[in-house]
Amino acid sequence: MPTPPFFTALCQAFRRAHLFAVLLLIPLTALADSSLQLSSDKKPAEVADCLKQGIRQLKIPDDYVRRDSKADGTETIRLLNPVSGNTSLQVDVQPDGEHSRLQVDQNGIPLTPPWLRLIKRCAS
């Protein structure tokens, strides 16, 4: 039996509200700016594609994710609050010859094990 459209819309609204609440309720102890740097043998676009796909698998709505591409080949993936526009996690993937350098800025958000696994998997 197919899922009623109302139920599907209700589930999507709940997920968005939940993610919004999580982004707003950051513990004050986590406000220290921290970052992570990694190297990758992949090109920036490959790493960014992998991150985007992994974020979809985490069921984060597309309006909470932004991808920017620069002329120099740098790819940036951001997890953001669509209401405030604040970025909570940002991954810059910069070209480094035939390889890439990843700069992960947490902007005060703790880097959870699933996020760390995703970023490391995409870099390797």
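Which residue is farthest from LEU118 (Cα to Cα), if the candidates are limited to segment 49-87 and must be among the aliphatic types (A, V, I, L, M) and either surrounded by 15 or more Cβ atoms within 10 Å (Cβ to Cβ) or modelled with pLDDT of 90 or more (or both)? So, considering only residues that are among the aliphatic types (A, V, I, L, M) and either surrounded by 15 or more Cβ atoms within 10 Å (Cβ to Cβ) or modelled with pLDDT of 90 or more (or both), the one farthest from LEU118 (Cα to Cα) is ALA71. Residues being surrounded by fewer than 17 Cβ atoms within 10 Å (Cβ to Cβ), among the hydrophobic types (A, V, I, L, M, F, W, C) and modelled with pLDDT under 90: count how many of those fall in segment 30-48. Result for segment 30-48: 4. When the strands (runs of 3 or more DSSP E) confined to segment 61-124 are screened for residues that are in contact with a helix residue (DSSP H, G or I) (Cβ under 8 Å, 6 or more places away or on another chain) and in contact (Cβ under 8 Å) with a residue 24 or more places away in the chain, those reaching at least 2 such residues are found at 75-80, 87-96, 99-105. Being of a type in the set (Gly, Ala, Ser) and at pLDDT below 85 is the filter; apply it to segment 88-121 and report the residue that is surrounded by the most Cβ atoms within 10 Å (Cβ to Cβ). Among residues in segment 88-121 that are of a type in the set (Gly, Ala, Ser) and at pLDDT below 85, the one surrounded by the most Cβ atoms within 10 Å (Cβ to Cβ) is SER88.
The values are calculated or read from the model by the stated rules, or taken from the named source; none is laboratory data. Bear in mind that the values here come from a model prediction, so they are computed numbers and not experimental data. For neighbour counting, all protein chains shown are included, and Cβ atoms are generated from backbone atoms with ideal geometry for every residue, glycine included.
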